[in-house]
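To start, the structure under review is shown below, and the notes come after it.
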Amino acid sequence: MRKALRWLLSLMLLVGATGAVGAGATGTATAAGRPDGAATASTNAAAASTDIKDRILAIPGMTLIEEKPVTGYRYFVLNYTQPIDHRHPWKGTFQQRLTVLHKATDRPTVFFTSGYGLSTNAGRSEPTRLIDGNQVSMEYRFFTPSRPAEPADWSKLDIWQAASDQHRIFQALDRIYHRNWIDTGGSKGGMTATYFRRFYPNDMDGTVAYVAPNDVVNKEDSAYTEFFRTVGNADCRAALDAVQREALVRRDEIVARYQKYADDNALTFTTVGSADRAYENVVLDLVWAFWQYHLESECPTVPKPAATTDELYSFIDTISGFDFYTDQGLEYYTPYFYQAGTQLGAPTFATPHLKGLLRYPGIYQPRSYVPRSIPMTFKPQAMPDVDDWVRHHAQRMLFVYGTNDPWGAEPFRLGKGAKDSFVMWAPGANHGANIAALNPADNAKATAEVLKWAGVTPATTRTPSFDAKLDVPDDVLERHPL
């Protein structure tokens, strides 16, 4: 236990008047989150400014990286000083990137994160457009450059620490954006939005979580096997199985080409071990990636087993991507795979059609994609805890899934105790499922709920028209594989 005086001094240095840094497992703040009359004169003067940039930069620990011009908005790229360990805030800090797409302080605000890195180009999530609001976007801890200095303590990369990052950013900006808040994200971002609500249930007025996997029991993955047994039509499933098998039948020829491509482009395979091992992962991804990012209408594009090796190579690269399992491809995603192997879980599925062709049993799992210098121990209690909270305590939460998305094989479900919450499915949609893809009745219901949670009504909200520059999918806004 640190002496109280040192803790207090550290807290003052880290956050000044921004409120709580640490919280217990339930997310209860250890200090008041609102400013009081003890603010400094300079802070008061800046806060009194009518310029939104001055008000944001008056927040202790907030610094401006740049302001970019965006029609109809003010747009800021920022750094915010965060503790590496919210339970022990005196043990060092790091700079976490965020962006603010400012509409008006009397509009509601959407808190967006992909759960991965942060694009510094402005973009609107679907809820932001629906409510015509502001948007705060956060880079997830340990994604470069929002990472503690090396050697980083990877044990501080967990869902509670990340939720606490989000909690502090909310507390800091809620003084300015004091209308309703909704958090959102897709895939790992949807998971992140859900975990934030679990640990800090009173921060947000609503949550829209898109295509968020819920791998409650890591080693029980029969749902994924069943998904691939029934998704789409039988002819398409058979064609994908056949081309996946053929890719392994011709592996020696294709791996030689893969190695030459790597050599020509200075790509290496230290983490996975070799081009052959990387290729087995690429092929195992093939059917999953097809359904994750493509539609049933694209089934006729699947090559026949008699296709030329050139055709087969091109199809594999288009669907799975040869770059991904190189060291250079994996590096960016190390924080995700670390979390998948320590808390989130990772799916597996049966591949009986590949019997006798796989050389590396057990390679298709997160430990294979994280450098061995980073220790990993799986904590099986994390996901059941979140699942139980959602089933019995969720309030004002919307989960949206695509019926043809493999990540929806294990969705979040609502149980007794959940209130004003919904799970909706977009027919035929993949990992890009959203409210717009729901059937008309669900679309209308979901939109009405989001507006209600945001504290606005259709009569007071003019949904902005679609903007091709701003309204881009999450996987364009933020890079991520999940």
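No lab work stands behind these numbers, since they all come straight from the coordinates. Treat the numbers as computed from the prediction; the structure is a model and nothing was measured. Counting neighbours? That spans all protein chains shown, and the Cβs are built from the backbone with ideal geometry, glycine included.
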Check: Given the convex hull of the Cα atoms of the chain, what is a quarter of its surface area in nm²?
Finding: 23.9 nm²
Check: Under 5 Å between amide H atoms, partner at least 5 residues away or on a different chain: which partners does residue 426 have, H built in plane at 1.01 Å?
Finding: 401, 402, 403
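Which entries of 68/91; 379/469; 53/419; 188/452; 260/469 have Cα-Cα distances beyond 31 Å here? Before the final figure, lay out each step's value.
Working: 68/91 34 Å; 379/469 41 Å; 53/419 38 Å; 188/452 25 Å; 260/469 38 Å.
Correct reply: 68/91; 379/469; 53/419; 260/469.
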Check: For residue 465 and residue 106 in the same chain, what is the full-extension length gain: residue separation times 0.36 nm, less their Cα-Cα distance, in nm?
Finding: 127.2 nm
Note to self: Output wanted: per-residue J couplings in Hz (rounded whole) for the stretch 143-152, from phi through Karplus 6.51 cos²θ - 1.76 cosθ + 1.60, θ = phi - 60°, x for Gly and Pro.
What the structure shows: 7, 4, x, 7, 9, x, 4, 6, x, 6
Next item on the list: Any chance you could check the Cα centroid distance between the stretch 92-159 and the stretch 261-333 for me, in angstrom?
Entry: 30 Å
Margin query: If you fit an axis through the alpha-carbon atoms of helix 188-199 and take the longest principal axis of the Cα set of the chain, what angle between them do you get, 0 to 90°, nearest 10?
Written below: 40 degrees
Item checked: Using alpha-carbon coordinates, inclination of helix 234-249 to the longest axis of the chain, degrees -> 80 degrees
Next item on the list: Run the quick spin-label model on residue 392 and residue 270: label points 7 Å from Cα toward the beta carbon, then report their separation in nm to one decimal.
Entry: 4.7 nm
Notebook entry, point to check: What is the magnitude of the charge dipole of the stretch 141-193 about its Cα centre, with +1 placed on the Cβ of each Lys and Arg, -1 on the Cβ of each Asp and Glu, and no other charges, expressed in debye to the nearest 20?
Noted result: 140 debye
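Among bridges DSSP assigns within the chain, what percent are antiparallel (round to 5)?
On the way: 23 of 46 bridges.
Here the share of antiparallel DSSP bridges comes out near 50 percent.
What is the local net charge at residue 428, summed over the other residues whose Cβ is closer than 11 Å to its Cβ (Lys, Arg +1; Asp, Glu -1)? Could you put the intermediate results ahead of the total?
Working: positive: none; negative: 296, 405.
Once positives and negatives cancel, what remains is -2.
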Next item on the list: Using the Karplus curve 6.51 cos²θ - 1.76 cosθ + 1.60 with θ = phi - 60°, work out ³J(HN,Hα) for each residue of the stretch 343-348 in order, rounded to whole Hz, and write x for Gly and Pro.
Entry: 9, 6, x, 9, x, 10
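For the chain, what is the mean residue ellipticity at 222 nm derived from helices alone (per DSSP H run of n ≥ 4: -39500 (n - 2.57); sum divided by total residues; nearest 500 deg cm²/dmol)? Walk me through the intermediate numbers first.
Values: 16 runs with 171 residues, N = 482.
It lands at -10500 deg cm²/dmol.
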Notebook entry, point to check: Helix 440-454 versus the longest principal axis of the chain: what is the Cα-based angle in degrees, 0 to 90, to the nearest 10?
Noted result: 30 degrees
Check: What shape does the stretch 213-305 take by its C-alpha gyration tensor, where a ≥ b ≥ c are the square roots of the eigenvalues and a/c under 1.5 counts as rounded, a/b above b/c as prolate, and the rest as oblate?
Finding: oblate
Next item on the list: Enumerate the aspartates and glutamates that residue 156 could reach by cross-link, defined here as Cα to Cα under 20 Å, with residues fewer than 8 away along the same chain left out.
Entry: 85, 139, 165, 331, 385
Next item on the list: Determine ³J(HN,Hα), in whole Hz, for all residues of the stretch 349-364 in sequence, where each value follows from phi through the Karplus function 6.51 cos²θ - 1.76 cosθ + 1.60 and θ = phi - 60°; x replaces Gly and Pro.
Entry: 7, 6, 9, x, 6, 9, 4, x, 10, 8, 9, 10, x, x, 6, 7
